[in-house]
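Everything below concerns the one structure shown next.
The values are calculated or read from the model by the stated rules, or taken from the named source; none is laboratory data. Note that the structure is a prediction, hence the values are computed from the model and not measured. Cβ sites come from the backbone with ideal geometry, for glycine too, and all protein chains shown count toward neighbours.
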Amino acid sequence: MHRYIAQRLLHLVPVLLSVSILVFLMIHLVPGDPVQVMLQDYAQLRHALGLDRPLPVQYGIFLRNLARGDLGRSIRTGRPVAAEIALRLPYTLRLTAASMAVAIALGLALGTLAAVHHRRLLDYAATASALAGISLPSFWFGLVMILIFSYYLRWLPPAGADTAGSLVLPAVTLGTEAASIIARLCRSSLLEVLRQEFIRTARAKGAADARVLYRHGLRNALIPMLSIVGLQFAGLLGGAVIVESVFGWPGIGRLAVDAIMNRDIPVIQGVVLVAAAIFVAVNLGVDLLYAVADPRIRYS
């Protein structure tokens, strides 16, 4: 029995060898050159994407399509880039707005606390907290937040955007650095305002300390902070790229990362253009608010 099996196995060797020869020679026996076919597909695809035209012509076509709201199509999915961004942009705007709320609330609280208790323990503690917030990398801080509040305490979900709680960790992570910058500016600005003559006059009239601080001091200290708040809002859009990747947040930041990994140039161009447009719009809004807050600018 063993001899019979061995003989049958030996008979299979020349059969398999013959089949391998036929398979190997097939590429040479079939008419046509597969490399040439691949090159033709390559040339056709470049022509379909308009990449075989001169750069000025490509840019002119790009501007014409942009004026019509056409950002092209994704190379990876084939869907319109505008549709991809419209699907993801609301998530990023919601995250940025929540992060800005955290940054303003935390930054004003720390800055005011530091200015009121100037050169005392609370001032040093608030300043150290602001310095730590600027120094911590957002991706590391986000992972620490996930480890504490999701893994150990199990209070909040670690990723996704399914529930309202999913917004807390990425918003705090993204808003911490901006809060630190706002806190330092608020402290210096409020200290400068509290040394002005009209503050001494208000106190001399018997106004309560809280009224002097919030109505006269903080109100005037906020004017130079408008510009930095606008810049921080625009900066949060850039920081969202990292934070969205850490927390699996389905915004345009994560879309940009996926597009870069896949070399999806139309999507990258669309995301950058939209982010730049938002940046410009925010700066314009800050300039208008600045004119409303300080009437002298309107008549200058």
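Conditions (1) over 25 Å from the mean Cα position of the chain (by Cα); (2) closer than 22 Å to residue 180 by Cα, marked per residue:
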{"position": "106", "(1), (2)": "no, yes"}
{"position": "117", "(1), (2)": "yes, yes"}
{"position": "120", "(1), (2)": "yes, yes"}
{"position": "154", "(1), (2)": "yes, no"}
{"position": "161", "(1), (2)": "no, no"}
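Of the set (1) surrounded by 15 or more Cβ atoms within 10 Å (Cβ to Cβ); (2) under 24 Å from residue 97 (Cα atoms); (3) at pLDDT below 85, all apply to residue 247 but (3).
Take residue 259 and decide whether it is assigned to a helix (DSSP H, G or I), crowded, with 16+ Cβ neighbours inside 10 Å and modelled with pLDDT of 75 or more. Break it down stepwise before answering.
Details: assigned to a helix (DSSP H, G or I): yes; crowded, with 16+ Cβ neighbours inside 10 Å: yes; modelled with pLDDT of 75 or more: yes.
Yes: the conditions hold for residue 259.
Would you please list the contacts, defined by Cβ atoms under 6 Å and residues six or more apart or on different chains, that run from a residue in segment 252-264 that is closer than 19 Å to residue 51 by Cβ to a residue that is in a helix (DSSP H, G or I)? The qualifying pairs are 259/267; 259/268.
Return the only residue of 45, 25 being of a type outside the set (Val, Ile, Thr), part of a helix (DSSP H, G or I) and modelled with pLDDT under 65. Before you say what the answer is, go through the steps one by one.
On the way: 45 fails: modelled with pLDDT under 65.
Matching residue, one of 45, 25: 25.
In the condition set (1) touching a Phe, Trp or Tyr at 6+ places or on another chain (Cβ under 6 Å); (2) surrounded by fewer than 17 Cβ atoms within 10 Å (Cβ to Cβ); (3) hydroxyl-bearing (Ser, Thr, Tyr), residue 173 is compliant with all but (2).
Helices (runs of 4 or more DSSP H) fully within segment 104-215 that include at least 3 residues being out of contact with any strand residue (DSSP E or B) (no Cβ under 8 Å at 6 or more places or on another chain) and either of a type in the set (Asp, Glu) or closer than 30 Å to residue 253 by Cα (or both): 121-135, 138-145, 168-194. Filtered by the rule that a residue be among the hydroxyl-bearing types (Ser, Thr, Tyr) and within 15 Å of residue 102 (Cβ to Cβ), segment 117-165 gives 129, 138.
Quick check, is residue 294 closer than 20 Å to residue 182 by Cβ, charged (D, E, K, R) and either modelled with pLDDT of 80 or more or surrounded by fewer than 17 Cβ atoms within 10 Å (Cβ to Cβ) (or both)?
Considered against the rule, which asks whether it is closer than 20 Å to residue 182 by Cβ, charged (D, E, K, R) and either modelled with pLDDT of 80 or more or surrounded by fewer than 17 Cβ atoms within 10 Å (Cβ to Cβ) (or both), residue 294 comes out as yes.
One residue stands out in segment 104-125 among those that are surrounded by fewer than 19 Cβ atoms within 10 Å (Cβ to Cβ) and among the small types (Gly, Ala, Ser): the one that is farthest from residue 229 (Cα to Cα), namely 125.
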